[in-house]
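Down below is the structure, laid out as structure tokens.
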Amino acid sequence: MAYSDAMGYPPFRDAIAEYLGAVRGVRCEASQILVTTGSQQALQISAQVLLDPKDRVWIEEPGYPGARQAFMTAGAQLIPVRVDHDGVNVAEIIPRGRNARAAYVTPSHQYPMGMTMSATRRMLLLSWAVRTGAWIIEDDYDSEYRFGSHPMASLQGLDADGRVIYIGTFSKVMFPALRLGYVVVPKDLVPAFSAAREAADIFSSTLYQAVLTDFIREGHFARHIRRMRMLYMDRRRALVNAIQIQMGDMLEVIGAEAGMHLVALLPRGTDDVAVSRKAAQRGISAMPLSICYLKPPTRGGLILGYGGANAHQIHDGIRKLRMSVQGH
Ligand SMILES: Cc1ncc(COP(=O)(O)O)c(C=O)c1O
């Protein structure tokens, strides 16, 4: 009940460090774990500690709006880098990236398009960071839920020079209202991150950290992941089927191999913001893909989350979505 360490509840940090070492190939000690209020705060603190106003930051295009917001609030200048089937196009960064301060990437499961960054690009990105003294901010937000292949180990695990800031969250693997995430901070930056957290809101609720520690230590967490992986795989199949049957002529599905969302591209020339608004009027939450772009996208789409809907709701939802696209 008392005030506690700004870095977080020590047994929770031990459990996270152990989990990340075993499951994600992250190389860290518990002393490097900073527990945060979700990955959003992790991004915000990273931006505050690492960036000065006008610093250039590479971000994926399309990319995660939450990260964009955190970096923009710190006054950074965002430079979009296109993603293709191998993840972010590192070759675009290297010739132009001399004076960039950081790159934000989602290598395990690109948000929102869903591809995995290739091993070659990971090595190229790391060597760019070492050569130029830049930081890599790795957002590993949902790597637990892969359906076919095993997830590739983290980029942080390949980093021998302390250039990677690794961010994770319990929002996807558990649920977002927990508001618990973490940063694996390079050792020399621990005092700066700790001070930034102390200045912000001191620390996350000890009660939630302690409960989650027990949940992990008693084996419930691993069981939960196994169970949810099956459930999400069924839901993903239901969504892909429903799209094929009801909207196969309208939507093109991208990135359905992992995670809890997929992207459905709309016919060229369709305004995804308008479709999203129409869908919302029918009670369907479908984020427009265009909000993930800094530059105007060539094609609109919808980001469809399936984690919280059963097969019946998914079928009904796609029926309503069809009406929203047609009525647009
Ligand atoms: C790329 C990415 N990072 C992080 C998060 C989770 O954010 P938070 O941990 O703040 O809930 C999400 C949630 O949608 C996400 O898509």
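Some values worked out for this structure:
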{"item": "In nm, spacing of pseudo-spin labels at SER285 and ASN310 (7 Å Cα→C-beta vector)", "result": "1.9 nm"}
{"item": "Whether the range 116-271 is rounded, prolate or oblate, judged on the alpha carbon gyration tensor where a/c under 1.5 counts as rounded", "result": "oblate"}
{"item": "Likely footprinting exposure, MET250, MET1, MET72, fewest C-beta neighbours within 10 Å first", "result": "MET1, MET72, MET250"}
{"item": "The chain: relative contact order as a whole-number percent, Cα under 8 Å and 6+ apart", "result": "19 percent"}
{"item": "Pairs of lysines in the chain (C-alpha under 28 Å apart; 8 or more residues apart or interchain)", "result": "8"}
{"item": "Farthest positive-ward along the chain dipole, Cα basis, beta-carbon charges - from ALA222, HIS261, VAL23", "result": "HIS261"}
{"item": "Added length on full extension, which subtracts the Cα-Cα distance from 0.36 nm per residue, ALA192 to LYS54", "result": "47.7 nm"}
{"item": "Sorted by Cβ density within 10 Å, fewest first, the residues HIS85, HIS220, HIS261, HIS150", "result": "HIS150, HIS85, HIS220, HIS261"}
{"item": "Leading residue at positive end of dipole, the range 9-123 (Cβ point charges), from THR73, PHE12, GLN110", "result": "THR73"}
{"item": "Karplus-derived HN-Hα couplings along the range 284-296 (A = 6.51, B = -1.76, C = 1.60, θ = phi - 60°), whole Hz, x at Gly and Pro", "result": "10, 8, 9, 5, x, 4, 4, 6, 8, 9, 8, 9, x"}
{"item": "Point-to-point label distance, TYR293-ALA22, nm (Cα→Cβ direction, 7 Å offset)", "result": "4.4 nm"}
{"item": "Shape category assigned to the range 219-274 from the gyration tensor of Cα positions, a/c cut at 1.5", "result": "prolate"}
{"item": "Estimated [θ] at 222 nm from DSSP helical runs (n ≥ 4, -39500 (n - 2.57)) normalised by residues in the chain, nearest 500", "result": "-13000 deg cm²/dmol"}
{"item": "Length-normalised contact order for the range 176-328 - Cα pairs under 8 Å, 6+ apart - percent", "result": "22 percent"}
{"item": "Order of MET113, MET260 under a 10 Å beta carbon neighbour criterion, fewest first", "result": "MET260, MET113"}
{"item": "Efficiency of FRET between MET1 and LEU78 - r from beta-carbon atoms, R0 41 angstrom, step 0.05", "result": "0.50"}
{"item": "Highest-MSF residue in the chain out of GLY283, GLY305, GLY87 [GNM, Cα springs under 10 Å]", "result": "GLY283"}
{"item": "Residue among VAL190, GLY248, LEU51 farthest towards the positive dipole end of the chain, charges placed on Cβ", "result": "GLY248"}
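Read-outs: derived from the displayed coordinates by stated rules, not from any lab. Owing to the predicted nature of the structure, the values given are computational and were not obtained by experimental measurement. For neighbour counting, all protein chains shown are included, and Cβ atoms are generated from backbone atoms with ideal geometry for every residue, glycine included.
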